[in-house]
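Laboratory data are not the source of any read-out in this text; all were calculated from the coordinates shown. Because the structure is predicted, anything quoted here is derived from the model rather than measured. Neighbour counts are summed over all protein chains in view; Cβ atoms, including those assigned to glycine, are modelled from backbone coordinates with ideal geometry.
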Amino acid sequence: MKDRFDEELRAIMLEETEKIYMSDELKESILENCKPGLIYRIRAFLNSYIEIPVPVLIGVFAIVLMVNLIPAMDIDVDFNDRQVVEIGNSQVIVRDMGDVDGYED
Amino acid sequence: MVMKIRMKVKTLIVLIIVFIIGIGFIAPEIFLYGIEQIEEKEKAASLYKAYLNMPLAISRDRALYRLARSLVPHIGTYDLFMFGRGSSGDLISHEDIDTAIECYEEILDRYENSPYYVSSYKNLMDIYIGMADHEKVQELIGWGRHSEDEEIVYTSYLYAAFNHMVNREYDKALDLVEKYISEGVEDRRLYALKGHIYYLQEEYEEAARAFEAIGTTAYLHDDDSNLFGSVREVLNGYWINSFTRRYAGDKRIRGRVTVNGQPLPYAQIYIHSKSQYGTYSPDGELYIAITDFNGEFETIGLKDGEYEIGVGVSIPFAYNLVFKEKNERILNLTEDITYNFEFTEPMEIISPRGEFSLKGSIFTLKWERVEGADHYKVYAVAFDRPFDLSSGSITYAIPNEAGEYEIRETETIIDIDTVNYHPTAAFYSGDSRHEALISPNAILGTFYPGVRVPIIVKAFDKEGNLLNKSLPLISNYEDVTVVRVENRELTAGERLILNMEYEEAIEYYEALLEDDSTNIEALTYLSRIYAHGWMLGKHDLEKAREYAERLYRITGDDRVYIRLKK
């Protein structure tokens, strides 16, 4: 046989509290005191799970890397071996012998 | 479907922090350590600049110092003697110097507690001494005296003592040196300076004692062997004893070193005995004086004799200097004499400038007028390996279109065919004297297809003294006028000559003449090969004349005889 005690108890409570009202101030006060604290919220946030798409992760990684390394690459990197030749009692530094314009007199 | 990674937020934050520390701080430090292991100066300098551009570089003072040191490790001298010349150090450019100065100044401005602070101060003064900027050196000495850092104050007085020595205020210099020695300061530069001061006062025993103390004393600040700018260090007492035995006497040389008429301080004066050294050696000369703030010098006393005198100027200076060579090669010292060294900025070739491709056979050369010049000469440079400009080179005057070597005007026309009719300077190469082959330019002429020929213009006075020239002591290739001959292709015979396969070339041309007895190219080159000889002692003037006459009968051009006449 099913126990009906909970339903009976509920009916008694409803009957007895039907005329009782809570003031708005009391409601606000109770809600105010029930808010979770900052530490609780931070902990909750830290323990929450997120899902990161792999392409986004790779993109962010690349951006951070570039932010630090791009300025480093802004240099006149000249790894050409320079050669010093003796010309007429002078020393001439030859770095590159590139193309030249034609000359016809 | 896009792949996702699921993780807790706190795990992600930890990963981000590790990533930032790794990329931002640890990686740059590892990078910096890596650069310090690189020996190649230019590569290291570029990478130090890369490090300094990183936003999170935390060892900036260290990188600035290392960058400056890699660019200017030591300011060597370019030494000019009456015969030989050469440099004793890296070819440091003005740009390197400017960058190094900026680095040291930033350390002095922003990193007072850096371990590189004192060394930066010292190195900055060394650079300004090398650049002959005595006013800047004095300014830095004054700045150092008011420093709260005792080591900076000491360095300031050390360089003040050096400046007193340069200005021949030996007592003041010695007072400062002795003060610190008596206070127990252990720094070998003190003893080196003391030795130099006594040496220049000709008190050789005292000098030798001071130099001997160097060996048992460490440098105070670093292990750098530089001694006050580019001043070469006399290291031991043995050297002094050898010097006094062989050279010390009572004849002095006085003079002045000037650049465009302005005094050049801190220039070192050397001599070496002509009988002992015939060629330049940076270790072979004897340091006998240094110029004061007025550019004047007075050497220590020397024995009567024949000497070569020389001057050493710092290498960065030499980039824009021409040494006004005198038409004398030996100094006969029998009494006190005056001998001046004059430098000037190089004269300019107005056109053509830099390397240019010659498609025809003539070009016009224009240059700036030099005051007092009686005449100008145009010089060509021939290389042992002409296509990559490596190995040795020879320089010789070439004629203009009219065959003149002494040119009065400031422009002339060079006809490469005319030049090629004239003999050139040549060099021989081979395993032994008997197998030494003549250089190809002697046969082909100065200008042949594919060759690069640097051109130099010199101005002379009536006595033949050099007044100026277009090529400074040190130059960048792009600033030199260079003719690249591209008017035609080399012939098969010319290729044999260029490869120094002379006997094959003779066979080739003789075969050509059997088919065509009027072949001009064959007659030309056979005449030249026999006129000069492709090997030492292998010339045959009769054959040369015979080919020249056959050539003349065909062309009617008497220039074919020029090489035979000379």
Between A:ARG95 and B:GLN262, what is the label-to-label distance in nm when each label sits 7 Å out along the Cα-to-Cβ direction? 2.6
Entries of B:LYS194/B:LYS303; B:LYS326/B:LYS462; B:LYS172/B:LYS194 with Cα pairs more than 19 Å apart: B:LYS194/B:LYS303
In what sequence do B:ILE38, B:ILE497 fall when counting other Cβ within 10 Å, fewest first? B:ILE38, B:ILE497
Could you give the distance between the Cα centres of region B:412-472 and region B:6-50, to the whole Å? 54
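When only C-alpha pairs under 8 Å and at least 6 residues apart count, what is the relative contact order of region B:57-172, in percent?
18
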With only Lys, Arg, Asp and Glu charged, each at its Cβ (+1 for the first two, -1 for the last two), find how big the charge dipole of region B:109-224 is about the Cα centre; round to the nearest 20 debye. 160
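Are there chymotrypsin sites (Phe, Trp or Tyr not before Pro) in region B:369-403 that DSSP marks as loop and that have at most 15 other Cβ atoms within 10 Å, and which are they?
B:PHE387
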Give the separation of the Cα centroids, region A:1-60 to region B:506-566, in Å. 113
Which FRET efficiency value, to the nearest 0.05, do you get for A:GLU18 and A:SER48 by plugging their Cβ-Cβ distance into 1/(1 + (r/R0)^6) with R0 = 51 Å? 0.75
Neighbourhood net charge (11 Å Cβ-Cβ; Lys/Arg +1, Asp/Glu -1) for B:GLU151: -3
Per principal axis, largest first, the Cα atoms of region A:8-70 extend in Å by 74, 28, 16
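Could you pull out the trypsin sites (Lys or Arg not before Pro) across region B:444-474 that fall in loop regions by DSSP (anything but H, G, I, E, B) with no more than 12 other Cβ atoms inside 10 Å?
B:LYS462
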Counting only other chains, what is the mean number of Cβ atoms within 10 angstrom of the Cβ of each residue in peptide B:52-59? 3
Students often get this wrong: which residues of region B:59-76 have the backbone nitrogen under 17 Å from the point 7 angstrom along Cα-to-C-beta of B:LYS41? B:65-76
Estimated distance in nm for a label pair at A:LEU57 and B:GLU406, the labels positioned 7 Å out from Cα along Cα-to-Cβ: 8.6
At 7 Å along Cα-to-Cβ for each site, give me the label-to-label distance between A:ILE30 and B:ARG488 in nm. 11.3
Relative to the longest principal axis of the C-alpha atoms of chain B, give the angle of the C-alpha long axis of helix B:541-555, reported between 0 and 90° and rounded to the nearest 10°. 70
With the dipole of region B:241-344 defined by +1 on each Lys or Arg Cβ and -1 on each Asp or Glu Cβ, the option from B:PHE293, B:HIS272, B:ILE253 whose Cα lies farthest towards the positive pole is B:HIS272
So, relative contact order of chain B in percent, Cα under 8 Å, 6 or more apart, is 10
Mean ellipticity per residue at 222 nm, deg cm²/dmol - from DSSP H runs of n ≥ 4 across the protein assembly as shown, formula -39500 (n - 2.57): -12500 deg cm²/dmol
Among residues other than A:ASN33 whose Cβ falls under 13 Å from its Cβ, what is the net charge (Lys/Arg +1, Asp/Glu -1)? -1
Viscosity 0.692 mPa s, temperature 37 °C: what is the translational diffusion coefficient of region B:492-565 from Stokes-Einstein with a Kirkwood Rh over Cα pairs, rounded to a whole number of µm²/s? 270
Report the rotationally averaged projected area of the protein assembly as shown based on its alpha-carbon convex hull, in square nanometres. 57.1
Neighbour counts of other C-beta atoms within 10 Å: give me B:LEU536, B:LEU190 arranged from fewest to most. B:LEU536, B:LEU190
With charges only on Cβ, +1 for K and R and -1 for D and E, what is the dipole size of region B:492-565 about its Cα centre, in debye, rounded to 20? 480
Grab the beta carbon distance between B:ASN53 and B:ASP384, set R0 = 51 Å, and tell me the FRET efficiency rounded to 0.05. 0.75
What number, in percent, do you get for the relative contact order of region B:370-481 if the mean sequence gap of Cα pairs under 8 Å and at least 6 apart is divided by its residue count? 30
Using 0.36 nm per residue of separation minus the Cα-Cα distance, give me the extension gain between B:THR518 and B:GLU150 in nm, one decimal. 123.8 nm
Under the 0.36 nm per residue contour assumption, what length would be gained going from the current alpha-carbon distance of B:HIS539 and B:ASP171 to full extension? 125.8 nm
Calculate, for B:ARG553 and B:GLU478, the FRET efficiency according to 1/(1 + (r/R0)^6) with r their C-beta to C-beta distance and R0 60 Å; round to the nearest 0.05. 0.80
